Amino acid sequence: MNFVDFHCHLDLYPDFEAAVMAAETAQVYTLTVTTTPRAWQRNHELTRKTKFVRAALGLHPQLVAEHPEDVDVWAKYVHQARFIGEIGIDAGPRYYKSLDAQKQVFEHVLKTCASCGPKILTIHSTRAVTAVLDCLERLLPLNENLAVLHWFTGSAFELRRAVELGCYFSVNAQMLIGERRCAIVRQIPSDRLLTETDGPFTTYQNRPASPADVRHTVIELARCRGIDPQGLTSAIQQNLRRVMTQRHEPEPEA
Ligand code: MN
């Protein structure tokens, strides 16, 4: 295993199967997340025998208002899924209207995870980090389950709180553009860092980013943090192992 893409949407590429195979061939450990639980069966099927690609059962906060009935579909498959996502809350202007519905669904999802876990979650928190952390703190035992905040855009205060709760962070290339964003990313503890592309929603060289592009994210992230990419790569690999085994203490130094 070389690199880690802990949040991308392989089923939204023109050729889903080819996208899975490409990640597998590149040996990038890839978590492909669904935006709707209706996509779960196909995702589950295509990642059953892959060594590097895993699927997550999601219900995207931006889709909650359109398909309130999807929460039942999500619950139907939860026992099959070790990874949950994309889930969360989006309080951006476009989705503000559905905020109450989003919170209800997110709370339901967390309670369900708490009762049939342990689960590993990848969480969306646009303009809603405090609300997301409030829910996590109240509803999900984070000593058993593991939460990864994807595309974190919160404040330094929210970051510290998330770290104290035990959250990990998956960082993409867009989060490294400009000094203000880098300054926040620099404050993520090195034992909580993962990488992601969130492809196809981000681009690399004017095309949708794919899992193999995380190698460039690692280089940018190393530059942002003023460290060597090789060391960062092994730190991320170590973090991934800790996430996958759901051990919450940092590994002792070898
Ligand atoms: Mn996403």
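All of the numbers you see were taken from the coordinates with simple rules; none came from a lab. Quantities reported herein were computed from a predicted structural model and do not represent experimental measurements. Counting neighbours? That spans all protein chains shown, and the Cβs are built from the backbone with ideal geometry, glycine included.
Quick notes
- Per the Debye calculation on the chain with a single equal scatterer at every Cα and no solvent contribution, log₁₀ I(q)/I(0) for q = 0.15 Å⁻¹ amounts to -1.05.
- Partnerless cysteines in the chain, where a partner means another cysteine C-beta under 4.7 angstrom, comprise C8, C113, C116, C135, C167.
- Contact order relative to length of the chain, as percent, for alpha carbon pairs under 8 angstrom and 6 or more apart: 18 percent
- When the Gaussian network model of the chain links Cα atoms closer than 10 Å, the mean-square fluctuations of R82, R94, R127 top out at R94.
- For region 6-78, the set of trypsin sites (Lys or Arg not before Pro) satisfying both a DSSP loop assignment and a count of at most 14 other C-beta atoms within 10 Å is given as R48, K49, K51.
- For L59, L110, L133, L139, the sequence from fewest to most other C-beta atoms within 10 Å is L139, L133, L110, L59.
- Local net charge near V185, Cβ-Cβ under 12 Å (Lys/Arg +1, Asp/Glu -1): +4
- Counting every C-alpha pair in region 6-124, the share spaced more than 23 angstrom apart comes to 28%.
- Taking the fewest neighbouring Cβ atoms within 10 Å as the starting point, the ordered list for M175, M244 is M244, M175.
- Note on region 136-254: Kirkwood radius taken over Cα pairs, Stokes-Einstein applied at 4 °C and 1.567 mPa s, translational D equal to 87 µm² s⁻¹.
- Added length on full extension, which subtracts the Cα-Cα distance from 0.36 nm per residue, E66 to E179: 37.0 nm
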